[in-house]
């Protein structure tokens, strides 16, 4: 499945509750989007997330339903190195 990096910009600092995470995960599953991992900027106003999805439209739909931004979506072809907090099998080509 294709991999995408999503940049999200938030007006306020991001502070997700456990319930927020569960709700977003449910929405992602409904539209066929799989979150892999995320980075949060030091000021907690931007996230950079790696997702698996069939296409950018699925990511936009999940973001719309979850009421979160998806400011930039970039398809990436490979992951290199060791993923933080993820099994080593993540570092693979996705062609």
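With respect to being out of contact with any strand residue (DSSP E or B) (no Cβ under 7 Å at 6 or more places or on another chain), surrounded by 16 or more Cβ atoms within 10 Å (Cβ to Cβ) and at pLDDT 70 or above, residue 63 fits the description. Are any residues in the stretch 26-37 more than 21 Å from residue 15 (Cα to Cα) and surrounded by 18 or more Cβ atoms within 10 Å (Cβ to Cβ), and if so, which ones? The answer is 31, 33.
Report, by residue number, each residue of the stretch 18-53 that is in a loop (DSSP other than H, G, I, E, B) and out of contact with any helix residue (DSSP H, G or I) (no Cβ under 9 Å at 6 or more places or on another chain). Can you show your working first?
Taking the stretch 18-53 and keeping what is in a loop (DSSP other than H, G, I, E, B), we get 32-33, 41-45, 53.
Result: 41, 42, 43, 44, 45.
Can you tell which of 3, 50, 14, 40 is surrounded by 14 or more Cβ atoms within 10 Å (Cβ to Cβ) and modelled with pLDDT under 85? Result of the check over 3, 50, 14, 40: 14.
Filtered by the rule that a residue be surrounded by fewer than 17 Cβ atoms within 10 Å (Cβ to Cβ) and modelled with pLDDT of 90 or more, the stretch 66-95 gives 69, 71, 72, 74, 75, 76.
The values are calculated or read from the model by the stated rules, or taken from the named source; none is laboratory data. All values reported here derive from a predicted model rather than from experimental measurement. Note that we place each Cβ from the backbone using ideal geometry, even for glycine, and neighbour counts take in every protein chain shown.
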